[in-house]
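Read the structure below first, then the notes.
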């Protein structure tokens, strides 16, 4: 109990901790919400590709403007991530290259271009570029209030977009063919959803970094999927899991010395996944084990399918 | 060109060749992202092995890393097998967790040793010639060259030895199982190779470039050919070409070699994507356009055949009638007729179109076969 009071006290008084916790919470909220669609559509790894692909955008934004404002760099990241998404969609739709290869290519090539630009900047612009490589691994401790406002603003746009197109995105995720037959602009909606996803990813880059951002998209949604078959509940749960992991990770890393925030957040969200996979009613592994033991037979395991027949 | 430059290019070329070989199978099996997962999650393996042996140059580090690579594969399979999450989600959960573990281990316990995160992810090819292999005082060249060469030969040997089995398991896993080829064992063997390759390559070129070299050249080669053997050869050739041209790009810009090689891989893929002979975007576009004209000419001759010798033929077989009957635009109709005339399918006369014997034959064949 004392520990809890200590934590609350620290949250109320410690500026850094409060900023980091708030930033991580926003990140968890937005990526949890939009990650749901990525996971449901079988595009979980697109987050990994987009977050890596953001690097050249950050480098170029810095190279062109000379500014190190978070908003400028994030806009650069947004542009590059968006470009990578369009490239992935175009390559998979117009050639025999499969989605996973397109992801791997976009990820490594964009990142390589970013790395080339970054090293180019380093030898031309001297040491001024400090702050750019925090995007690689994320340095939550460098967050300031302005960053949190930027994150909140971009996050609000992403969530608003999701709320406005709720019905359309739902249809797109579960039955794109039906959506097309209804006359919905499927390709445009697809691009819009991807754009919102890029927005969600860009928000997290500074906190958890390029490498770990994908976990923040996939894990909360994959955990939430175990507890419900309803999209609305799943999005809400996923957001809650994201926030919980973000805040817990920020708190734990502030309490223990030498514990980087990003990886701690990711381990927290991984723990949530592990608990969900084990304990979730009906789908969970423990539940399944008990049911199998009760019936004393081992029929083919039936996982409750969603409205599209997918597990 | 100095000896050092030559050595860097040699190492880069050998890394590219060694990565491209297992890469072909990853790309064909739709598991390209597994290379990303493995190349990241080897980090905790390296860290743990380092704690055990306390020597950064020990081969045990490679063993530890390769084992974590396999652990990643096993964990992903286990998660997927529960059918609670899809495979891509399983990958997206497992490797960030393992990577986080590695980062935390380094931050907490290895802060003062030279185990640099940047180096793991980004690599520094320019340092490759500094680690020399010396036996009995003789300088035999960069260590990286021998390590990667050995891995490359291992990959090549495995593929040559199990070429037929791998081919079958890749294109028809069910048949491979029926015939007793143990595709699961092959799958794990392949993944072990990818792990070993990623580990050996990462300190030369970094985890991200490993992904570029594993996925990029095979994906490009796949656009150039339909034959597995040729895909393997082309992948190696393209990979080596990207590695060497990337080195010179880095030389000109004075930028990261790994980044420049990945950029060249991107350029190579873009070129193949646009200009590949049959699967390229331009070729596809030309083929579609040609098909449209061919179809239009067939429609024209069939139309003429339908009305040939009938009373309404004089009205139906005029060029300007095609517009209303086939709903072609005037210019499209003109072009189709001109093409058909060029190919001697139709001829003009008395203000209407007549079928030539060749046109009649084409129409009759088209009616029967389409």
Q | Test for residue B:305: is it within 42 Å of the chain's Cα centre (by Cα), surrounded by 15 or more Cβ atoms within 10 Å (Cβ to Cβ) and in contact (Cβ under 8 Å) with a residue 60 or more places away in the chain | A | no
The one condition residue A:271 fails out of (1) modelled with pLDDT under 90; (2) within 14 Å of another protein chain (Cβ to nearest Cβ) is (1)
When restricted to B:326, B:353, B:322, the only residue surrounded by 13 or more Cβ atoms within 10 Å (Cβ to Cβ) and either within 22 Å of residue B:369 (Cα to Cα) or at pLDDT 90 or above (or both) is B:326
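Kindly establish whether residue A:235 is touching a helix residue (DSSP H, G or I) at 6+ places or on another chain (Cβ under 9 Å), closer than 20 Å to residue A:43 by Cα, within 12 Å of another protein chain (Cβ to nearest Cβ) and touching a residue at least 12 places away in the same chain (Cβ under 8 Å).
No: the conditions fail for residue A:235.
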* May I ask you to verify whether residue B:147 is more than 21 Å from the chain's Cα centre (by Cα) and either crowded, with 20+ Cβ neighbours inside 10 Å or not assigned by TED's automatic domain parsing to the domain that holds residue B:233 (or both)? => yes
Selection from the stretch B:164-183 of residues exposed (fewer than 14 other Cβ atoms within 10 Å of the Cβ), assigned to a helix (DSSP H, G or I) and in contact with a helix residue (DSSP H, G or I) (Cβ under 8 Å, 6 or more places away or on another chain) yields B:171, B:175
Filtering helices (runs of 4 or more DSSP H) wholly in the stretch A:139-221 for at least 3 residues that are over 14 Å from the mean Cα position of the chain (by Cα) and closer than 18 Å to residue A:72 by Cα gives A:145-164
Here, helices (runs of 4 or more DSSP H) confined to the stretch B:212-320 with at least 3 residues that are within 14 Å of chain A (Cβ to nearest Cβ) are B:228-253, B:257-275, B:281-307
Counting only residues in the stretch B:30-58 that are touching a residue at least 60 places away in the same chain (Cβ under 8 Å) and within 9 Å of chain A (Cβ to nearest Cβ), the one farthest from residue B:87 (Cα to Cα) is identified as B:40
Scanning the stretch A:41-55 residue by residue, the ones that are buried (at least 24 other Cβ atoms within 10 Å of the Cβ) and more than 8 Å from chain B (Cβ to nearest Cβ) total 7
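Got at least one residue in the stretch A:175-185 being within 14 Å of chain B (Cβ to nearest Cβ) and either touching a helix residue (DSSP H, G or I) at 6+ places or on another chain (Cβ under 8 Å) or surrounded by fewer than 24 Cβ atoms within 10 Å (Cβ to Cβ) (or both)?
no
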| Is the stretch B:59-71 home to any residue that is over 11 Å from residue B:199 (Cβ atoms) and buried (at least 24 other Cβ atoms within 10 Å of the Cβ)? | no
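The values are calculated or read from the model by the stated rules, or taken from the named source; none is laboratory data. Keep in mind that what you see is a predicted model, and the values were worked out from it rather than measured. Quick reminder, even Gly has a Cβ in these numbers, built from the backbone with ideal geometry, and neighbours come from all protein chains shown.
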